[in-house]
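*Asks:* Handing you a structure now.
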Amino acid sequence: MRSTPSTSRSIAESRNSPSRRSPDARSLERHRKLICRSLLTTDGGRRGRAGEPRRHTKSPLTLTPIDHLGLCHGWAWTIQDESILAERVARVAVGQYRHVARILAGANVPSPGASTDHAANAIKLLTVAPGNDPWHRDGWVFQTLSWIAAQQMGPGAVTRPPQILKADKGFDGMQLELAADGKSVTAVIVFEDKATDNARKTIREEVWPGIVALEAGERVSELTHQTTAMLEAQQRLDPALDIDTAISNILWKEVRRYRVSITVNDTHLDNTARAGLFKGFDESAPGDAKRRRAETIHLPELRKWMSAFAGRAIDHVKAMTVYV
Amino acid sequence: MFDPITAALIRAAPALDGLDLEGLPKRLTSAFADIVSARIRLRGEAYDRVSPELTETLNELRRLAAAHEAYVALLPERENRAAAAFVAASAHQTCMLARSRTNGVSRIDATTVAPEVCATLLFLVAEANADAAECAKRIIPD
């Protein structure tokens, strides 16, 4: 017998009613309510409809331009609001990166919920398994921060969706740089994102050799296939995209830029020290300085901070889990 | 050397800045000959000892393969798609000659596809079935 809409609704409601849920689901629900309450009563964001988490429209990172003349240029990221940032990371972890991108682009849209399966996967992503080192978890969190910073830069580029697996293969991130008219692609930007306790050593021993290898033509099939996939996606969104120019620029002429993002401690805070950190960038990726982007975020006690931040993101994941 | 019909197909490939389409069949043939000769000369030695000229040739072939493969993937209605596919496959195939086969199986994953797989598929797109069959011999399954 076919159920009427009202019957279907009442079955669904009864299935999700507190009395029918498992102890885990009840605990998750209690936690969600607590977090929602705290989100609704803290800083100045907007309230959503009754029972919804507040809509965050504030940028979680402040981006300050840096310019090491001739060597590289970029932005230093400062965390403006850690709770909002953790919420953004939590949404990426549950697979809602499109929603985050819309919010970062200035849209004022209600926040969707997440299923318990998505939440469980996200919590796993944000948790270091017993006996494991935190590098992969921290690396994933940092890649997501880097993606958020890239999104905050506004229009002018198409950014590849963030990775959803720890230590995923492929490039840390990628962007297609658009011409002023938005109809043609002028360059591809390859991201190197590093969450590290020793920035200079990581740059010297991992980042520069990776860039030199790319410049020498290594990983070219990977770059071609990922670039082509991004162009295909962009072509669907904008059928007027000039594919011929895009192919000519980024695959034939190899107009390529690098964006190195790295965590720094007190050692590389001031301008001179930061320039020293990126020493050798111009030798690894020769040519115009616009090929070399350098981004930093000051996180003095990186592992401790990452652990606390991941915990905060997990709280947000639990708070947004609204259905099974 | 390419037969006249294949040479005409190659010349019909999409234009790229600085690429001499008229001379492309000859360019592919000479690149192939240079690589075969380098293989004989270097027999068993590391390929990083190839001359700067050959490195430059390989880089150009890589870019040629990448650009024309993208044309095939992104512009399926393009009238010269078969020509783009044949040029991309030939460029892949020539680059593969310069590669030592120590990489194990032909890789296909979420981020990339091995060139021998790409070249085989591209030859099929170009309806060059015999070339596709020959190229497929380089595919090493897992």
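Read the figures in this text as sums done on the coordinates, not as results from a lab. In this text, all values refer to a predicted model and were calculated from it rather than measured experimentally. Methodologically, a virtual Cβ is constructed for each residue, glycine included, from the backbone with ideal geometry; neighbour enumeration extends over all protein chains shown.
*Asks:* Please find, in a Gaussian network model of chain B (springs between Cα atoms separated by less than 10 Å), the residue of B:73, B:128, B:31 whose mean-square fluctuation is greatest.
*Replies:* Its mean-square fluctuation being the largest, the pick is B:73.
*Asks:* Once you put a point 7 Å from the Cα of residue A:213 and another 7 Å from the Cα of residue A:229, both along the Cβ direction, what distance in nm separates them?
*Replies:* Computed distance between label sites residue A:213 and residue A:229 equals 1.9 nm.
*Asks:* Assuming R0 = 30 Å, can you tell me the calculated FRET efficiency for the pair residue A:237 and residue B:26, based on Cβ-Cβ distance, to the nearest 0.05?
*Replies:* 0.15
*Asks:* Once R0 is set to 51 Å, what does the formula 1/(1 + (r/R0)^6) return for the Cβ-Cβ distance between residue A:272 and residue B:3, expressed as a FRET efficiency to the nearest 0.05? The partial results should precede the final answer.
*Replies:* Details: r = 64 Å, r/R0 = 1.26.
Efficiency, rounded to the nearest 0.05: 0.20.
*Asks:* Taking 0.36 nm per residue of separation and subtracting the Cα-Cα distance, what length does fully extending residue B:78 through residue B:40 add? Each step should come with its number before you reach the end.
*Replies:* Working: separation 38, 0.36 × 38 = 13.68 nm, distance 3.94 nm.
Taking residue B:78 through residue B:40 to full extension adds about 9.7 nm, to one decimal.
*Asks:* Still on this structure: So, in nm, how far is label residue A:136 from label residue B:137 when the simple model puts each one 7 Å beyond its Cα toward the Cβ?
*Replies:* 4.1 nm
*Asks:* Then there is this: Once every DSSP H run of n ≥ 4 in chain B is given -39500 (n - 2.57) and the sum is divided by its residues, what mean residue ellipticity at 222 nm do you get, rounded to the nearest 500 deg cm²/dmol?
*Replies:* -19500 deg cm²/dmol
*Asks:* How do A:69-80, A:290-301, B:13-24 rank on mean C-beta neighbours within 10 Å, highest first?
*Replies:* A:290-301, A:69-80, B:13-24
*Asks:* Let me ask you something else. Counting Lys and Arg as +1 and Asp and Glu as -1, what is the net charge of the other residues whose Cβ lies under 12 Å from the Cβ of residue A:298?
*Replies:* -3
*Asks:* Relative contact order for the range B:4-136: what percent, with Cα pairs under 8 Å and sequence separation of 6 or more?
*Replies:* Relative contact order here is 25 percent.
*Asks:* So, in nm, how far is label residue A:115 from label residue A:153 when the simple model puts each one 7 Å beyond its Cα toward the Cβ?
*Replies:* The modelled label-to-label distance comes out at 3.5 nm.
*Asks:* Same structure, new question: What does the convex hull of the Cα atoms come to per residue for the range B:4-136, in Å³?
*Replies:* Values: hull volume 16.0 nm³, N = 133.
Taking only Cα atoms, the range B:4-136 has a hull volume of 121 Å³ per residue.
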